[in-house]
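For reference, the structure discussed in these notes is given below.
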Amino acid sequence: MTQLSTQYPEAVRPQLIVPHNGRELTFLYPAYGPSAYDVVGSIIGGNNLKRPTMEETASFLHTASDLGGMHSEKIIEPIRDYTWSEKYSGKEWFLNVLYKSFSKEIVDTEIRRVREGSWLWVYSRSRFQLNPTKGVFVYDEEERERFDPHSNGELEKMLSSKERFGVTYSDDEALRFAPPGYRTGEMTHSQLVDNTYLIALTRSREGAEKLAEFAAKYADNSCLFSFDFGTLESVLRRTGHFLTIGSSVGFRSNSFHVNIEPGHHSGGRAFGLLR
């Protein structure tokens with residue numbers, strides 16, 4: 001049984017409030033793990049929490065690095081003492097004294113963990129295909145039941161005429177498609193911003209910009225690892241007509257990495273989000 005990496009009971013996990021596309025995301029601290037991608041995802045889902053997407057992870061990392069632990073009271077909400085919540089006392093209590101120092105500790109600890117090589121699992125799926133059109137579909141974990149059963153051709157028919165920065169979208173933008181030709185391997189942070197595969201993963205160029213800005217503060221360069229379409233054919237001979245895989249972000253040496261998820265790796269973590 002995988003143990004949760006926290007000293008807090010599930011009911012009193014601190015909430016980290018992060019601005020995201022005009023609304024707020026609530027991450028529960030600390031992250032679940034470390035363990036394998038599917039194991040961490042199952043634990044998060046088993047606690048009726050949402051698994052973080054690449055777009056949401058970009059907002060979290062960008063916010064944390066922008067705060068730098070100095071102005072966290074502007075972004076991270078006070079830590080609620082659920083023992084003395086409205087439910088029990090008719091009054092809502094906040095640990096204001098603990099809040100400012102603890103929120104700084106949270107930010108500093110999480111940034112340090114990521115920089116020291118702790119991978120963050122990201123639950124945005126990449127579906128690589130060669131036929132009928134070569135490229136990669138991207139959709140988030142919550143949409144798997146909607147898109148997984150369909151053939152490559154059926155997914156292509158779900159795309160609309162909506163296109164931005166080389167990425168084609170479905171009407172609701174839940175399904176994205178990036179054609180071959182995007183850069184992989186080592187690149188500058190500015191090249192990461194314009195990478196069509198990363199734009200598809202984060203749903204928008206703004207999401208790619210957030211990750212690139214985060215990377216620029218802590219790394220000399222960026223790396224994006226994906227399947228090379230020239231060698232994908234041999235992989236698909238073993239796996240079928242397409243290959244669906246998750247994602248991760250982290251650091252190696254002084255380089256920021258966006259990776260397809262290595263299924264054998266067991267050292268990743270992920271935050272659960274309130275629905």
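Any read-out appearing in this document is the output of simple, stated calculations on the displayed coordinates, not a laboratory observation. Worth saying up front: this structure is predicted, and the values here are computed from it rather than measured. Please note: Cβ atoms are built from the backbone with ideal geometry, for glycine as well, and neighbour counts cover all protein chains shown.
Observations on the model:
- In this structure the amide hydrogen of residue 258, modeled in the peptide plane, comes within under 5 Å of the amide hydrogens of 223, 224, 225, none closer than 5 places in sequence on its chain.
- The stretch between residue 134 and residue 105 holds 5.9 nm of extra length on full extension. This uses 0.36 nm per residue minus the Cα-Cα distance.
- Chain lengthening between residue 15 and residue 66 when straightened (0.36 nm per residue, less Cα-Cα): 16.5 nm
- Net charge dipole, segment 124-264: roughly 300 debye, given to the nearest 20, about the Cα centre with Cβ charges of +1 for Lys and Arg and -1 for Asp and Glu.
- Fewest neighbouring Cβ atoms within 10 Å first, the residues 236, 198 line up as 236, 198.
- Compactness relative to 2.2 N^0.38 Å, alpha carbon Rg of segment 124-264: 1.02
- Residue-wise HN-Hα coupling along segment 222-236, computed from phi with Karplus coefficients 6.51, -1.76, 1.60 (Hz; x: Gly, Pro): 10, 9, 10, 10, 8, 6, 7, 5, x, 9, 5, 4, 5, 5, 5
- Long-range HN-HN contacts of residue 123 with modeled amide H, under 5 Å: 53, 54
- 3J(HN,Hα) along segment 170-175: 6, 4, 8, 6, 6, 10 Hz, from the Karplus curve 6.51 cos²θ - 1.76 cosθ + 1.60 with θ = phi - 60°, whole Hz, x for Gly and Pro.
- Legend: residue pairs 162/210; 50/162; 134/210, Cα-Cα distance threshold 25 Å; pairs beyond threshold, 50/162; 134/210.
- Label positions at residue 236 and residue 162, each projected 7 Å from the Cα along the C-beta direction, are separated by 2.6 nm.
- Cα centroid of segment 183-245 to Cα centroid of segment 113-173, whole Å: 12 Å
- Relative contact order (%) - segment 124-264, alpha-carbon pairs under 8 angstrom, separation at least six: 25 percent
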